[in-house]
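Notes for the one structure printed next.
All of the numbers you see were taken from the coordinates with simple rules; none came from a lab. Small disclaimer: the values here were computed from a predicted structure and weren't measured. Neighbour counts are summed over all protein chains in view; Cβ atoms, including those assigned to glycine, are modelled from backbone coordinates with ideal geometry.
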Amino acid sequence: MKKIKIIYIVSILFISFNLIKCNLNQNKKNIREGKSNKNEYPKRIISLTTAATEIIFELGAGDRIVGVSSNSNYPPEVSKIKKIGSSYGSVNIEMVLSLKPDLIICSKSQTEIFKEYGIKTYGTTTCTLNDVYKLILEIGEIIGKSSEAEKIVTLMKKRINEIVEKQKRFDKKPLVYFESGKTFGKTRGKGSLTNDLIELAGGKNIGSELVGAFPILSNEFIIEKNPDIIIVEEYGASIDEIKKREAWHKIKAVQKNKILKVPIYYTNYTPRCVEAIEAFYKFFYEEK
Amino acid sequence: MIIKVNDVSFKYDSDVILENISFEIQDKEIISIIGPNGAGKTTLLKCLYKSLKPKTGSIYLFNKNLNLYKQKEIAKKIGLVPQNSEHNYFFTVEEAVIMGRYPHHKKFSKETKEDFEIAKRNMELTDIYKLKDKYITELSGGEFQRLIIARALTQTPTILLFDEPTLHLDLKHQFELLELLKRLVDENNITILMVLHDINLAVRFSDKILILSNKKIIAYGEPEKILNVEIIRNVFGVEVEINKSKTGILNIFPIKAV
Amino acid sequence: MKKNKIIIIELLFIILIIVFFISIFQGYSNITYKEVIKLLLNKIGFYNNANLPEYVETIIIIVRLPRIILAILIGAALAVSGCVMQGIFRNVMAGPYTTGIASGASFGAALFINFGFSLKFVTAGAFLFSIFTAFFVYLLAVKNSYLQKERLILSGMVISLFFSSLVSFIQYLSSDPNLREIIFWIMGGFWKANWHSVKIVLPIILILIILLNTYYRELNALLLSEEEAKSLGINCKKVRMIILIFSSLLTASAVSVSGIIAFIGLICPHIMRLIIGSDNKYLLIASALAGSILLLITDTLSRSIVYPVEIPVGILTSLLGVPFFIFLLKRHKKSNQIL
């Protein structure tokens, strides 16, 4: 027992000493084979958020993307790109390093990890519509497509303004209840992109009365508010299920069959969110 | 004089368990504590190895106040064989017995060859050495009892305390145990204090008897001198006959309850 | 018999080394065994003509090695902590999280994540709140300056529930990205392992495990009844308190770095008890080694079964650990409430 203990302790000390020694040399090492010029724009981009992926393609730089998040599906070209992980949860670091990226777009908290490997990172913190503009412009700047980015943002603002002008004419704004995902009562509140979309399209989001961007509403609250419009995401409850909910037959939206199912990308932080505003406006005011 | 108990009383919250307990124990004696249930016998034992602190009075161990002793020091001098012991653990007999050496070790010392020798001797004494690698879960009641005794002996104490050691043993093992105890006192200079429920065994194997009843000491002394029919009637509520056998041993024969 | 136990421990040690090497060879990048060996020998001081591409060094030394070392350390920490908790409480179901540390750590992490702090602060926050929770639980459990076991378990449960609901509340208020981050933190995992964490956690865990090992006598005696422990010279109150403090520190260190990994602390001591017995002289080390081996295997599996997905470690630990434990239990027929 004593002999084994001594060997054990000595070998641990030996190994730890050497490993700590080699760590001291690794700290600031540049892992890329062939360093990139600071003046060049990133050529090998890994994007872990579907929004950034879409934006980069929109900016015409889609061919520079070498890795995307596992749930990427737009544009169709992403199916050919390697799937790496996601912006929440974990990423396979070895896969990342094997792609030799010079830019990683990920969540704010993930940037710490990648910085350790000397890779340039951009952490996303998008919440509102203004954040979406910011995201497009900042990504554009980083990859050297600033003018294209500005064009996109300008076009977005133009389309949105058209809708805003149209809906201004109406005094009475419909009350809107937006249900996200599969959870009953989970909605978007002030400070969320969805809220901006609804309000710009001329609706009044009942979720905006509560605290936080992702509040959960109670059944009584929704029924009491009696929304004129219900918007539900494509992976959420079906329209029939909603109509059958207890006491919901009292709600105006159910009575008038004003329930809209929307695709997920409507509320993602991409230029396509403008489609949401246009579709919402149409559903609020033009469709019967 | 090994132990001196001086006017000790013990209360548990407001329940008085012991009152004005005073007695002395000399070395190389076997003393039995007898009395009806609930008289406070186990409580008294617990006070002797500082598991409980008396509310009034003091106990002296080797002329030093028990309060001044650390638990470890007491453990080097007093060994306990309790009434019940957990044996649902995967200890081998040897591992369980060697625990008796714990009070003799400081933080960073290991069990030595001598420790294992002491354990071995005591296991042989209690006839369990052949079981030394068996797990204690596989032992019979009697074997387990002997293990606890071996462990207590391995503390190399000067005093052994027993709480109802004969409770779970059959007649043969009861006698074997008590004869072993007598041998220990004679050969190993040990003093034994035991709580017994069987008066006859107490009489047969003790030098002195302490009768504890209703929180107080009723009598304390050599069996022949202190035992008589009245005392037993008052304390135990039983009418008895006291005879002497052919071999000169005192025998208490219960006749009827009163 | 004693020799057998020592052989078992030596065997565990050898298994650990084998698993270490398997793990270090395992990974997405195409690195051959030869390259790995060359690199390791180079790092220890031999074989200076290595000539290896840079990425090999990066992958092995920066990506895989800290993760492996962390898994070993944390597996050992959780197993030892669980072992001593089971001993002090004389309860089969006790484990490293019995005193509510898990929920306290979750709360600390959730709070700091929600405020947007960096990883280092989240770790510190988790640690801080673990200790605070443990302290709070002790306070609740002390009555008449006497720490009762049953009260401790109860107050641990109560405080756990309290902090869990606080965590739910924070989750409710968080943005979606933060929410996912919190959930992922709580599930536990090593994908963020780096040398920084290793440097912080290594000395703490090693020292605490060594310290707890010196208490093997007290731990053994505490398994007996209170009276027997006292008669063997153990100051039960003091010893329990010390061991609780060490165990809490151990758990807190582990949890603040890797999140809440379940089952290791509960299962490994039980498994080793059935193999090596209850004597803490051997059991503590054996549990530590078993914990390291189990966690290392599951972490390596979690990052190499499916690419690029990483299966949360906690799921794998229960998948592996529970059936094995059932198997052992069935073999050992006399087993009810055994410690």
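Worth pointing out:
- Using Cβ point charges alone (K and R +1, D and E -1), the dipole size of chain B about the Cα centre works out to roughly 760 debye.
- Taking every residue in C:179-187 and counting other chain Cβ atoms within 10 Å of its Cβ, the average works out to 3.
- Pairwise FRET efficiency - B:Gln26 versus B:Ala257, Cβ, R0 = 45 Å, nearest 0.05: 0.80
- Where a label projected 7 Å from the Cα of B:Thr247 along Cα→Cβ would reach, residues of the range B:203-239 with amide N under 14 Å: B:203-206
- Kyte-Doolittle mean at least 1.6, axial Cα span of 24 Å or more - DSSP H helices of chain C: C:2-25, C:65-89, C:119-141, C:195-213, C:313-331
- Per-residue [θ]222 nm for chain C (sum of -39500 (n - 2.57) over DSSP H runs n ≥ 4, rounded to 500): -25000 deg cm²/dmol
- Taking 28 Å as the limit for the C-alpha separation, the pairs B:Lys50/B:Lys208; A:Lys100/A:Lys186; B:Lys107/B:Lys182; B:Lys41/C:Lys2 exceed it in the case of A:Lys100/A:Lys186; B:Lys107/B:Lys182; B:Lys41/C:Lys2.
- Residue mean of other protein chain beta carbons inside 10 Å, B:90-103: 5
- Neighbourhood charge, 13 Å Cβ-Cβ cut-off, centred on A:Leu155 and excluding it, Lys, Arg +1 and Asp, Glu -1: -1
- Gap separating the Cα centres of the range A:87-166 and the range B:78-99, nearest whole Å: 67 Å
- The range B:150-210 and the range C:217-289: distance between their alpha carbon centers, rounded to Å: 35 Å
- Of C:Ser155, A:Ser72, A:Ser192, the sequence from fewest to most neighbouring Cβ atoms within 10 angstrom is C:Ser155, A:Ser72, A:Ser192.
- Lys/Arg +1, Asp/Glu -1 at C-beta; the range A:169-286 dipole; positive extreme among A:Ser180, A:Ala201, A:Val211: A:Ala201
- Between C:Lys237 and A:Glu286, the FRET efficiency estimated from the beta carbon spacing at R0 = 56 angstrom works out to 0.10.
- Remark: mean inter-chain Cβ contacts per residue of C:276-282 equal 5, using a 10 Å Cβ-Cβ cutoff to other protein chain atoms.
- Segment B:Lys182-B:Asn67, extension gain: residue separation times 0.36 nm, minus the distance between their alpha carbons: 38.4 nm
- Were the residues from A:Arg159 through A:Glu234 laid out at 0.36 nm apart, the gain over their Cα-Cα distance would be 24.6 nm.
- Computed from the C-beta positions of B:Phe108 and B:Phe175, the FRET efficiency with R₀ = 45 Å rounds to 0.55.
- Listed by Cβ neighbour count within 10 Å, with the fewest neighbours leading, A:Ser79, A:Ser98 appear as A:Ser79, A:Ser98.
- Alpha carbon centroid spacing (whole Å) that separates the range C:110-174 from the range B:4-72: 44 Å
- Take every Cα pair under 8 Å whose residues are at least 6 apart in sequence, average their separation, divide by the length of chain A, and the relative contact order is 14 percent.
- Ordering of C:29-36, C:247-254 by packing is C:247-254, C:29-36, highest average first (other Cβ atoms within 10 Å, averaged per residue).
- When chain B is treated as a GNM with alpha-carbon contacts under 10 Å, the residue of B:Gly142, B:Gly35, B:Gly100 showing the greatest mean-square fluctuation is B:Gly142.
- Label-point separation, B:Ser140 to A:Glu275 (7 Å along Cα→Cβ), nm: 8.5 nm
- Each peptide among C:163-171, A:161-169, A:116-124, C:70-78 gets the average number of other Cβ atoms lying within 10 Å of its residues, and from highest to lowest they stand as C:70-78, A:116-124, C:163-171, A:161-169.
- With the helix formula -39500 (n - 2.57) applied to DSSP H stretches of n ≥ 4, chain B reaches a computed 222 nm mean residue ellipticity of -9500 deg cm²/dmol.
- Under the Debye formula (equal points on every Cα, no solvent term), log10 I(q)/I(0) of the protein assembly as shown at q = 0.07, 0.09 Å⁻¹: -0.72, -0.97
- For the protein assembly as shown, a simple Cβ point-charge model (Lys and Arg +1, Asp and Glu -1, everything else neutral) yields a dipole of about 1200 debye relative to the Cα centre.
- The residues neighbouring B:Ala152, those whose beta-carbon lies less than 14 Å from its own, together hold a net charge of +4 under the Lys/Arg +1, Asp/Glu -1 convention.
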